[in-house]
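Accompanying notes for the structure given below.
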Amino acid sequence: MDYKDVFFVVTGPTATGKTARAVHLAKTIGGEIISADSRQIYLGMDIGTGKDLAEYDGVPYHLIDIRPAGYRYSLYEFLEDFERVYDDIRRRGKPVIMCGGTGMYVETVVKGIKLPPVPRNEELRTELAGKSLEELTALLKTMKTLRNNSDIDTVARATRAIEICRYYEAHPELKALTEPHPMENALVIGVEVDRDTRRERISRRLRARLDEGMIDEVRRLIDEGIDPEDLIYYGLEYKFVTQHVIGQLSKEEMFRQLEIAIHQFAKRQMTWFRGMEKRGTPIHWLSSTLPPDDFTNQVLALADNMSDNKNNQ
């Protein structure tokens with residue numbers, strides 16, 4: 001079967017080996033990989049984000065190393081970049097595989113949600129100036145359902161989110177674009193691992209990243225002029241290692257707090273994916289312990305079945 005018409009998505013929580021699975025699949029069907037990782041887009045942030053570029057072993061990959069460290073990338077930008085790359089790969093007749101654990105990216109793409117450009121509203125920004133993050137959050141909650149904290153982690157982001165909501169309210173004709181139009185060719189595969197194994201992998205991987213020089217990587221980024229607050233903004237490894245580098249945490253405190261934070265992050269990822277399923281996106285969960293050939297064969301069997309069902313409709 002020619003798999004160029006199937007949009008493969010390989011997702012799941014951190015430390016499940018998603019990249020290796022996506023690479024094996026891509027090699028088998030001649031595909032290319034689009035990253036759906038919100039931090040691997042940044043140049044120089046390599047160890048902490050787990051890029052492991054050698055793991056791609058010649059498979060073309062996209063949306064990695066596309067913005068400078070310190071930049072604050074948005075969902076709107078990701079959707080623009082994704083659509084451009086997806087269309088290019090499809091035009092060249094290659095299968096597309098999206099791989100990553102940023103649930104908001106994955107769900108928004110698979111549901112076919114568009115985000116029209118929204119101009120600045122200086123009058124509204126003046127009106128909101130001086131309000132606290134708590135006040136802005138309360139206002140935003142009256143306008144939309146908050147499924148994650150990305151809109152309310154800073155005053156600037158909360159203000160922008162309110163600006164976007166107000167714009168959509170004033171332009172109801174855009175509502176159809178922002179509503180789900182699920183991609184009919186999407187096959188979403190979740191890489192599953194039991195809780196205890198996941199916790200053990202997270203701890204082992206964290207020690208390995210520290211041994212590989214993650215602290216030195218953060219020092220280098222700061223020496224290159226990246227504001228420590230910008231690194232802290234990225235969370236997880238960059239938050240806690242930066243706090244250690246600037247003297248706020250001892251190495252032991254850094255490791256302990258970071259280990260807990262990554263475990264909590266993996267739990268939140270699973271909560272998101274279960275929510276995706278409840279919101280109507282089927283995820284086919286396959287065990288991370290499957291041998292590579294068996295994993296890929298099961299994915300392709302699902303793709304064959306999906307195509308057969310469409311042909312019989």
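The values are calculated or read from the model by the stated rules, or taken from the named source; none is laboratory data. Predicted, not measured: the structure shown is a model, and the values here were computed from it. Backbone-built Cβ (ideal geometry, glycine too); neighbour counts: all protein chains shown. Accessible surface areas use protein heavy atoms only, side chains included; no ligands, DNA or RNA. Shrake-Rupley method; radii C 1.70, N 1.55, O 1.52, S 1.80 Å.
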Q: Find which of Gly190, His263, Thr296 sits farthest along the positive direction of the dipole of segment 176-313, computed with +1 on the beta-carbon of Lys and Arg, -1 on that of Asp and Glu, about the Cα centre.
A: His263
Q.
Charges at C-beta only: +1 for Lys and Arg, -1 for Asp and Glu. How large is the resulting dipole of the chain about its Cα centre, in Debye rounded to 20?
A. 600 debye
Q.
Before I look further, what does segment 1-52 give for accessible area per residue, probe 1.4 Å, in whole square angstrom?
A. 27 Å²
**Q.** Accessible-area composition of segment 221-313, carbon plus sulfur, in percent [1.4 Å probe]
**A.** 48 percent
(Q) For the full complex of protein chains and a 1.4 angstrom probe, list Arg125, Arg220 by accessible area with the highest value first. (A) Arg220, Arg125
Q.
Only Cα pairs within less than 10 Å get springs; with that Gaussian network setup on the chain, which residue of Glu163, Glu135, Glu55 has the largest fluctuation?
A. Glu135
Q) Protein chains only, probe 1.4 Å: how do Arg84, Arg39 rank by accessible area, largest first? A) Arg84, Arg39
Q: Report His181's accessible area, 1.4 Å probe, all protein chains in place, as a number in Å² to the nearest 10.
A: 100 Å²
Q | Convex hull volume of segment 197-313 per residue (C-alpha atoms, cubic angstrom) | A | 162 Å³
Q. How much accessible surface does Glu122 have with a 1.4 Å probe, in Å² rounded to 10?
A. 100 Å²
**Q.** For segment 20-175, with +1 on Lys and Arg beta carbons and -1 on Asp and Glu, the positive-most of Thr108, Pro119, Cys165 along the dipole
**A.** Thr108
Q) Taking the simple approach of a point 7 Å from Cα along Cα-to-Cβ for both Glu229 and Tyr76, what is their distance in nm? A) 2.3 nm
Q. Once every DSSP H run of n ≥ 4 in the chain is given -39500 (n - 2.57) and the sum is divided by its residues, what mean residue ellipticity at 222 nm do you get, rounded to the nearest 500 deg cm²/dmol?
A. -16500 deg cm²/dmol
Q: Heads up, I need the accessible area for Tyr73: 1.4 angstrom probe, whole protein in place, Å², nearest 10.
A: 10 Å²
Q | FRET E, pair Ala208, Arg90, Förster distance 25 Å, beta-carbon r, rounded to 0.05 | A | 0.10
Q: Using a cut-off of 12 Å between beta-carbons, work out the net charge of the residues near Arg204 (Lys and Arg +1, Asp and Glu -1, Arg204 not included).
A: +3
Q) Going down the table (Lys114/Lys239; Lys175/Lys278; Lys4/Lys310; Lys114/Lys278; Lys4/Lys278; Lys111/Lys144), which pairs top 25 Å between alpha carbons? A) Lys114/Lys239; Lys4/Lys278
Q) For segment 167-313, what is the accessible area per residue in Å², given a 1.4 Å probe and the full set of protein chains? A) 57 Å²
(Q) Nothing charged except the Cβ atoms of Lys and Arg (+1) and of Asp and Glu (-1): what's the magnitude of the dipole of segment 1-80 about its Cα centre? Round to the nearest 20 debye. (A) 200 debye
**Q.** Distant-in-sequence amide H partners of Glu192 (H built 1.01 Å from N, under 5 Å)
**A.** Leu286, Ser287, Ser288
Q: Compute the convex hull volume of the Cα atoms of segment 268-313, divide it by the residue count, and report the result per residue in Å³ as a whole number.
A: 70 Å³
**Q.** segment 86-210, dipole about Cα centre (Lys/Arg Cβ +1, Asp/Glu Cβ -1), debye to the nearest 20
**A.** 760 debye
Q) Which percent of the accessible heavy-atom area of segment 162-218 goes to carbon and sulfur, probe 1.4 angstrom? A) 50 percent
Q | Inter-label distance for Lys310 and Arg125, nm, one decimal - labels placed 7 Å from Cα along Cα-to-Cβ | A | 4.3 nm
Q.
Using a 1.4 Å probe on the protein heavy atoms, what percent of the accessible area of segment 1-117 belongs to carbon and sulfur?
A. 51 percent
Q.
Can you tell me what share of the DSSP beta bridges in the chain is antiparallel? A percent to the nearest 5 is fine.
A. 0 percent
